[in-house]
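Visitor: Shown below is the structure under consideration.
Computed from the coordinates by the stated procedures, all read-outs in this text should not be read as laboratory data. All of these numbers come straight from a predicted model, not from anything done at the bench. Note: ideal-geometry Cβ built from the backbone for every residue, glycine included; neighbour counts use all protein chains shown.
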Amino acid sequence: MLYNEVKKTISLADGRTIEVSTGKLAKQADGAVVVKMGDTMLLGTVVAAKEAKPDVDFMPLSVEYREKYAAAGRYPGGFLKREARPNDSEILVSRLIDRALRPLFPSDFHAEVFVNVYLISADRDIQPDALAGLAASAALAVSDIPFGGPISEVRVARIGGQFVVNPAFSQMADADLDLMVGATYDNVLMVEGEMKEVSEEVMIEAIKVAHDEIKRHCALQLELSKELGKETKREYCHESNDEELREKIVSETYDKAYSVATSGSSKHERSEAFEAIESEFAAQFSEEELAVKKPLIKKYFHDDVMKRAMRNMILDEGKRLDGRKTDEIRPIWSEIDYLPCAHGSALFTRGETQSLTTVTLGTKLDQKMKDEVLVQGEEQFVLHYNFPAFSTGEARPQRSLSRREIGHGNLAWRALKPMVPVGEENPYAIRVVSDILESNGSSSMATVCAGTLALMDAGVKLKKPVSGIAMGLITENGKFAVLSDILGDEDHLGDMDFKVTGTADGITATQMDIKVDGLPYDVLEKALMQAKAGRLHILGKLRETIDTPREDYKPFVPRIVQIVIPSDFIGAVIGPGGKIIQEIQKTTGTTITITEADNKGFVDIFGPDKDALDAALGRVKAIVAVPEVGEIYKGKVRSVVPFGAFVEILPGKDALLHISEVDYKRFETMEQTGIKEGDVLEVQLVGVDAKTGKYKLSRKALLPKPEGYVERPPREDKKR
């Protein structure tokens, strides 16, 4: 045999298994594994450069998760008919992997690392994203790349009150909690998910269930690494330090930096003051010395001066960079209807973070189409988040959409999604766009708050308002402080970024990244309860701006009316080759869409004004209307025969007006009645043949009865 394959297996509580194997595929990579669950297979590979590039002082990690259409026996769409740039879902999974892996590489390891995870076989009922973190970590475990793992990631859902690890697609419809958790054997690193207003206690229990499963995954990877002799990692030297310089910087700049940190100044004032201290220190060296020392000065001032000053200030004095207490929320102001031509708009400003958010209402034709390897369909509600460089005062060009923008937008979308009416509750397609105009911490949470306001301003019947808050943590030497509504620097220099969104009744979404080892669950619980208090405070501020959705949409919003028809009538409304529905749209200036579900047809009519809407609605109702005995109709004569006339009383529905029902007079021929094809007659439906279902009309029944009139038996026609 030309390869030596090694396999390990994990058994889940419900009898399913996860298999991790190596040695068969991609043997030239530094590490490669195949993770298999059922018929779903993921290939995880990792390659690291042997040396770091010059002047690189960070971890250059690149993570790519991609799904192959062939994995599910599908052909890619689009003109090229091949996999192209990653879609949003692939980017989001890549971010999940990256956020769990990145903190565990040694701080002095700066060689480029490339992690690739491919979905190569796809069981349509298995969710592959829950296995991607395991595939990436296992590839590192069987390599010689320095890494502080292993880690794994699992999905935990609550279905029928019970927690299920890595549930199937088909089980998710009944879940009220969907959480992805990444962790090492000892510590939780990353949490992300959505919920249907669950409590803080339920969320913590879900994390514990996930972590118990992850420990088993980590143990398997350690066994695999030991069996392959990969416990010892490669040697490297990517940094050279100058301890004398480090001590000099701390002794000469720490007190000055601490004074700036405690000044309560604004973001830009504080940044300029720190830069001035660093520049003043660097000025004592010659240009030749600075050529060597400048990168180290920058590093030591950031890590050993700025970071330590901020952390000590919070832990020792309970005071923050902007002067707030640990549980204090920044000042909030907001307004709605800021943009007069938007369907809905809101400005939300919290401290130095500001979002301008709009809502646009469209038809079903505007809904987002999803054509992924395993997920196809439409999304009625979408949210997009934009983070331009000017929001932080940066001078850089605007390029393509970043992964960060996709991730932050997805979090805000998950936060609002449970409260946005869709389907029969709301005929509109809804697009929310958040443009961040200022940013100093928690712009995704500002998006949630601004989105709530804009949706209510647009008249969307939001079930409940949603707010969001970002929490931070500083912990050192047994002391810790939980921070509410963190600043950008507190996120950057702190130990946790924990975002929580929800209504007054429970959590709707969360995202957490932990940067320290051994975060106790009691600290996590404190953070959640402090987040709840902050969330409720922010909700109160939102209600001061607008308490309930507008009663009606704004006058210039195109209107939609939805009617439900029996599925049997869908073809009649559409007509042969779409002829009827196209003609209605053309003559009324409306847009009509029809979808079928549960043996019913949902007809949405989208019109520029009430007259157009009413005209189209009348046409559709006429097509699907069922004639009722006793009703009076104005019908057009379609044809005249010797024994009567066939009259179209509703579109596509003809009924017989017998010669004896034309008038109280007796006519021998239809010519005597004067009725011609094309005439419009007022007639009454007087009966339906029990055997044939044919309709019977009378014009005579609408005329005054002559005095002394005696009803004669109906004439017998020889031929009909």
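Visitor: Roughly how far apart, in whole Å, are the Cα centres of the range 512-557 and the range 598-646?
Guide: Computed from Cα coordinates, the inter-centre distance equals 50 Å.
Visitor: How would you rank 562-570, 97-105, 694-702, highest first, on the average number of other Cβ atoms within 10 Å across their residues? Let's see the in-between values first.
Guide: On the way: 562-570: 14.9, 97-105: 22.0, 694-702: 17.6.
Result, highest mean first: 97-105, 694-702, 562-570.
Visitor: Could I ask something else about it? Just in the range 24-70: which chymotrypsin sites (Phe, Trp or Tyr not before Pro) are loop by DSSP and have at most 11 other Cβ atoms within 10 Å? Walk me through the numbers before you get to the answer.
Guide: Values: sites: 58, 65, 69; in loops: 58.
Answer by residue number: 58.
Visitor: Which of 611, 513 has the fewest other C-beta atoms within 10 Å, and how do the rest follow up to the most?
Guide: Working: 611 11, 513 19.
Result, fewest neighbours first: 611, 513.
Visitor: From the square roots a ≥ b ≥ c of the eigenvalues of the alpha-carbon gyration tensor of the range 61-163, which class results: rounded (a/c under 1.5), prolate (a/b over b/c), or oblate? Present the calculation step by step, with values, prior to reporting the outcome.
Guide: Details: a/c = 2.28, a/b = 1.28, b/c = 1.78.
Oblate, since a/c reaches 1.5 and b/c is not below a/b.
Visitor: In the range 223-269, which trypsin sites (Lys or Arg not before Pro) fall in coil by DSSP and have 16 or fewer other Cβ atoms within 10 Å? Working shown, then result.
Guide: Values: sites: 226, 230, 233, 234, 246, 248, 256, 267; in loops: 230, 233, 234.
Here the sparse-neighbourhood loop sites are 233, 234.
Visitor: Can you list the lysines whose alpha carbon sits under 22 Å from that of residue 294, skipping same-chain ones fewer than 8 residues off?
Guide: Result set, ordered by chain and number: 53, 248, 256, 307.
Visitor: How big is the Cα convex hull of the range 121-246 in projection, averaged over all directions, in nm²? Intermediate values should be presented prior to the final figure.
Guide: Numbers: hull surface 44.8 nm².
With every direction weighted equally, the projected area is 11.2 nm².
Visitor: Oh, and also: Need the list of lysines near residue 700 for cross-linking: C-alpha distance under 18 angstrom, and skip anything on the same chain fewer than eight residues off.
Guide: Those lysines meeting the cut-off are 634, 636, 665, 676.
Visitor: Moving on to the next point. Check which residues have an amide H placed less than 5 Å from residue 644's amide H, if you skip close sequence neighbours.
Guide: 659
Visitor: Taking only the C-alpha atoms, wrap a convex hull around the range 632-702 and report its volume per residue in Å³ as a whole number.
Guide: Values: hull volume 6.0 nm³, N = 71.
Cα-based convex hull of the range 632-702, divided per residue, equals 84 Å³.
Visitor: Tell me the relative contact order for the chain as a rounded percent, counting alpha carbon contacts under 8 Å between residues six or more apart.
Guide: In percent, rounded to a whole number, it is 9.
Visitor: I've got another one for you. Take the range 559-624, drop everything but the C-alpha atoms, weight them equally and run the Debye formula without solvent; then report log10 I(q)/I(0) at 0.15, 0.28 Å⁻¹ to two decimals.
Guide: Debye intensities relative to I(0), on a log10 scale: -0.39, -1.30.
Visitor: Quick one: in the chain, what % of C-alpha pairs are over 43 Å apart?
Guide: Details: 109779 of 258840 pairs.
Cα-Cα pairs of the chain separated by over 43 Å account for 42 percent.
Visitor: List the equivalent ellipsoid semi-axes of the range 337-411 in whole Å, largest first, each obtained as the square root of 5λ for an eigenvalue λ of the Cα gyration tensor.
Guide: Largest first, the range 337-411 gives 26, 20, 11 Å.
Visitor: Taking the Cα centre of each part, how many Å lie between the range 172-231 and the range 663-694?
Guide: 77 Å
Visitor: Expressed as an acute angle from 0 to 90° and rounded to the nearest 10, what is the orientation of the C-alpha long axis of helix 443-457 relative to the principal long axis of the chain?
Guide: 20 degrees
Visitor: For the range 233-273 and the range 99-123, what is the centre-to-centre distance using only Cα atoms, to the nearest Å?
Guide: Comparing the Cα centres of the range 233-273 and the range 99-123, I get a distance of 29 Å.
Visitor: Run through the range 646-676 and list the trypsin sites (Lys or Arg not before Pro) located in a DSSP loop whose Cβ has at most 14 other Cβ atoms within 10 Å. Numbers along the way, then the final one.
Guide: On the way: sites: 653, 665, 666, 676; in loops: 665, 666, 676.
Of the trypsin sites (Lys or Arg not before Pro), the ones in loops of the range 646-676 whose Cβ has at most 14 other Cβ atoms within 10 Å are 665, 666, 676.
Visitor: Given N residues in the range 6-227, what is Rg(Cα) / (2.2 N^0.38 Å)?
Guide: On the way: Rg = 17.3 Å, N = 222, 2.2 N^0.38 = 17.1 Å.
Normalised Rg, Cα atoms only: 1.01.
Visitor: Specify the angular offset, from 0 to 90 degrees and rounded to the nearest 10, of the alpha carbon long axis of helix 88-101 from the longest principal axis of the alpha carbons in the chain.
Guide: The two axes meet at around 20 degrees.
Visitor: Read phi for every residue in the range 602-613 and hand back ³J(HN,Hα) as whole Hz from Karplus 6.51 cos²θ - 1.76 cosθ + 1.60, θ = phi - 60°, with x for Gly and Pro.
Guide: 9, 9, 9, 10, 10, x, x, 7, 5, 4, 5, 4
Visitor: By counting other Cβ atoms within 10 Å of each Cβ, how are 308, 399, 158 ranked from fewest to most?
Guide: On the way: 308 17, 399 7, 158 23.
Starting with the residue having the fewest Cβ neighbours, the order is 399, 308, 158.
Visitor: For a quick check: with amide H placed at 1.01 Å from N, whose amide H comes under 5 Å from residue 381's, ignoring anything fewer than 5 positions away on the same chain?
Guide: Here the answer is 430, since their amide H atoms fall under 5 Å of that of residue 381.
Visitor: Now, a different point. Roughly how large, in nm² to one decimal, is the mean projection of the convex hull of the alpha-carbon atoms in the range 243-317?
Guide: Numbers: hull surface 19.9 nm².
About 5.0 nm², averaged over all directions.
Visitor: Still on this structure, please answer the following. Relative to the longest principal axis of the chain, what angle (0 to 90°, nearest 10) does the C-alpha long axis of helix 579-588 take?
Guide: Relative to the chain, helix 579-588 is tipped by roughly 80 degrees.
Visitor: Spelling out what I want: for every residue of the range 547-559, take phi, set θ = phi - 60°, compute 6.51 cos²θ - 1.76 cosθ + 1.60 (Karplus), and round to whole Hz; glycine and proline get x.
Guide: Computed from phi, the couplings for the range 547-559 are 8, 9, x, 3, 5, 9, 5, 5, x, 8, 6, x, 9 Hz.
Visitor: By its C-alpha gyration tensor, with a ≥ b ≥ c as the square roots of the eigenvalues, how is the range 346-385 shaped: rounded for a/c under 1.5, else prolate for a/b larger than b/c, else oblate? Walk me through the numbers before you get to the answer.
Guide: Numbers: a/c = 6.05, a/b = 2.10, b/c = 2.88.
Since a/c reaches 1.5 but b/c is at least a/b, the shape of the range 346-385 is classed as oblate.
Visitor: If you don't mind, there's one more thing I want to ask. Write down, largest first, the equivalent ellipsoid semi-axes of the range 341-488 in whole Å, where each equals the square root of 5 times an eigenvalue of the alpha-carbon gyration tensor.
Guide: Working: eigenvalues 165, 63, 56 Å².
Square roots of five times the eigenvalues give 29, 18, 17 Å.
Visitor: Using the Cα gyration tensor of the range 109-189, with a ≥ b ≥ c the square roots of its eigenvalues, what is the shape: rounded (a/c below 1.5), prolate (a/b larger than b/c) or oblate (neither)? Spell out each step's value before the answer.
Guide: Details: a/c = 3.45, a/b = 1.78, b/c = 1.94.
Cα axes put the range 109-189 in the oblate bin.
Visitor: A further question on this structure: Give the value in nm², to one decimal: projected area of the alpha carbon convex hull of the range 242-388, averaged over all directions. Working shown, then result.
Guide: On the way: hull surface 62.1 nm².
The number I arrive at for the range 242-388 is 15.5 nm².
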